[in-house]
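Colleague: This is the structure I have questions about; it appears just below.
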Amino acid sequence: MNRTCWYNVAGLDFSVALPEEWDAVNLLPSFKAFRRETPLGEVLFSFTVTDSLGTVCDKVLLSETTNDMGHLRLYLIYRKNYLFEISYGDGPVHSMFVSRDFKEARAYIYAEEPELRLVLTSLLRLMFAQAALYRNAISVHASCVAFDDGCYMFLGRSGTGKSTHARLWTESFAGCSLLNDDNPVLRVMDGTVMAYGTPWSGKTPCYINEGKPVRGIARLEQKPSNHFVPLYGIERFTAVLPSCSSIRQDMNLQDMLHETLLQIVEKVPVGVMECLPDKEAAETCRLGFESMKI
């Protein structure tokens, strides 16, 4: 028997059904602020831990990567659905079967796995990122700070200093605070682009169930001096796209991602922040956004 818990992230409800002997509070501590007694609206997806996925045939490997979530393999199965596999070192392989419309996920997870928390949070992160695209929402690899009446997002390749730049903002400007340090969600709501905190925040424990209007997005580049470069037209789209989460091989998901991202970059200032890891970079970036106010 499973016990079902409800969560709401970025205004989107989903259910997680775990075996009764599993403690959801301890296994999903970062989800505490997002838990609900009942769903608030239409359910985005259901995630169920099962005792077996059965025999999976006719699977085609689409991608294989190793990142902060673990070693991941993505398969197309039965020519229409997806199978995610995740593992750590020489440990067991955990599997998640996903319907093509991302409304249902069934996961087979070894309870003895030392990284059980990471397995659960990673599979839910993968599921949410795809399902959210159906609701004009995009999971973004970025750091995000709340400041004044809105928020600002910092993108870039790993190691470019997203977390450092976010910290510089919180140290430099009174009232500035961290909203999320790894995977905020962008969503277009009634014509306004909002950024939401999520249960996924990388190595920084920042799990805030709040949303703020987005006032600016900056792609960071390490340079020997601080300089903000405003972007316009298609440059905005291409600057943000690499940081958006989705299955690249799924054309339907890509179409939804592109459509939503186009709406976002039409409404939000986007620039490249060439920077050093110092407080002057934070001030230069803030002034750059001020000059671009739409």
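The values are calculated or read from the model by the stated rules, or taken from the named source; none is laboratory data. Computed from a predicted structure; not experimentally measured. Glycine gets a Cβ as well: all are built from the backbone with ideal geometry, and neighbour counts include every protein chain shown. Calculation scope for accessible area: heavy atoms of the full protein, side chains included, ligands and nucleic acids excluded. Shrake-Rupley method; radii C 1.70, N 1.55, O 1.52, S 1.80 Å.
Okay, residues lined up against (1) surrounded by fewer than 21 Cβ atoms within 10 Å (Cβ to Cβ); (2) among the polar types (S, T, N, Q):
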site	(1), (2)
Lys103	yes, no
Arg106	yes, no
Tyr110	yes, no
Val119	no, no
Ser122	no, yes
Leu126	no, no
Ser139	no, yes
Ser143	no, yes
Phe154	no, no
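Colleague: Here is a further query. When only residues in region 156-177 that are among the hydrophobic types (A, V, I, L, M, F, W, C) and surrounded by 18 or more Cβ atoms within 10 Å (Cβ to Cβ) count, which is nearest to Glu85 (Cα to Cα)?
Modeller: Residue satisfying both the conditions and the ranking: Ala166.
Colleague: Turning to a different aspect of this structure: Among the numbered conditions (1) of a type outside the set (A, V, I, L, M, F, W, C); (2) open to solvent by 70 Å² or more (accessible area, probe 1.4 Å); (3) outside any strand (DSSP E or B), tell me where Arg3 comes up short.
Modeller: That leaves (3) as the condition not met.
Colleague: So for region 111-125 (the condition being in a helix (DSSP H, G or I), in contact (Cβ under 8 Å) with a residue 24 or more places away in the chain and over 18 Å from the mean Cα position of the chain (by Cα)), does at least one residue qualify?
Modeller: Within region 111-125, one or more residues are in a helix (DSSP H, G or I), in contact (Cβ under 8 Å) with a residue 24 or more places away in the chain and over 18 Å from the mean Cα position of the chain (by Cα).
Colleague: Could you look through region 67-88, keep only residues that are not in a strand (DSSP E or B) and not hydrophobic (A, V, I, L, M, F, W, C), and pick out the one that is modelled with the lowest pLDDT?
Modeller: Checked region 67-88; the qualifying residue modelled with the lowest pLDDT is Arg79.
Colleague: Specify the residue that is surrounded by the fewest Cβ atoms within 10 Å (Cβ to Cβ); the eligible residues are those in region 77-95 that are under 20 Å from Tyr134 (Cα atoms) and in contact (Cβ under 8 Å) with a residue 40 or more places away in the chain.
Modeller: Phe84
Colleague: List the residue pairs whose Cβ atoms are under 6 Å apart, where the first residue sits in region 271-284 and is over 12 Å from Pro230 (Cβ atoms) and touching a residue at least 12 places away in the same chain (Cβ under 8 Å), the second is surrounded by 14 or more Cβ atoms within 10 Å (Cβ to Cβ) and small (Gly, Ala, Ser), and the two are 6 or more positions apart or on different chains.
Modeller: Listed pairs, sorted by first residue: Cys275/Ala281; Pro277/Gly161; Lys279/Ser172; Ala282/Ser172.
Here's the yes/no breakdown for (1) open to solvent by 30 Å² or more (accessible area, probe 1.4 Å); (2) under 26 Å from Leu287 (Cβ atoms):
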| site | (1), (2) |
| --- | --- |
| Lys203 | yes, no |
| Val214 | no, yes |
| Asn226 | no, yes |
| Pro230 | yes, yes |
| Arg248 | yes, no |
| Gln254 | no, no |
| His258 | yes, no |
| Val272 | no, yes |
| Cys275 | no, yes |
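Colleague: Quick one: count up the residues across region 238-292 that are over 29 Å from Ser172 (Cα atoms), of a type outside the set (Val, Ile, Thr) and part of a helix (DSSP H, G or I).
Modeller: Taking region 238-292 first, the residues over 29 Å from Ser172 (Cα atoms) are 238, 245-263.
Among the residues that remain, those that are also of a type outside the set (Val, Ile, Thr) are: 245-246, 248-259, 261-263.
Next cut, part of a helix (DSSP H, G or I) only: 251-259, 261-263.
Total meeting the criteria: 12.
Colleague: Oh, and also: Give just the number: which of (1) touching a Pro at 6+ places or on another chain (Cβ under 6 Å); (2) not in a helix (DSSP H, G or I) does Thr164 not satisfy?
Modeller: (2)
Colleague: Specify which of the listed residues (Gly41, Gly11) is under 30 Å from Thr192 (Cα atoms) and at pLDDT below 90.
Modeller: Result: Gly41 is the single residue among Gly41, Gly11 that is under 30 Å from Thr192 (Cα atoms) and at pLDDT below 90.
Colleague: Now for a different question. Suppose the filter is in contact (Cβ under 8 Å) with a residue 24 or more places away in the chain, surrounded by fewer than 20 Cβ atoms within 10 Å (Cβ to Cβ) and of a type outside the set (A, V, I, L, M, F, W, C); does Gln263 pass it?
Modeller: yes
Colleague: Quick test of your reading of the structure: Asp190 fulfils all but one of (1) surrounded by 17 or more Cβ atoms within 10 Å (Cβ to Cβ); (2) charged (D, E, K, R); (3) without any contact (Cβ under 8 Å) to a residue 12 or more places away in the chain. Name the failing condition by number.
Modeller: That leaves (1) as the condition not met.
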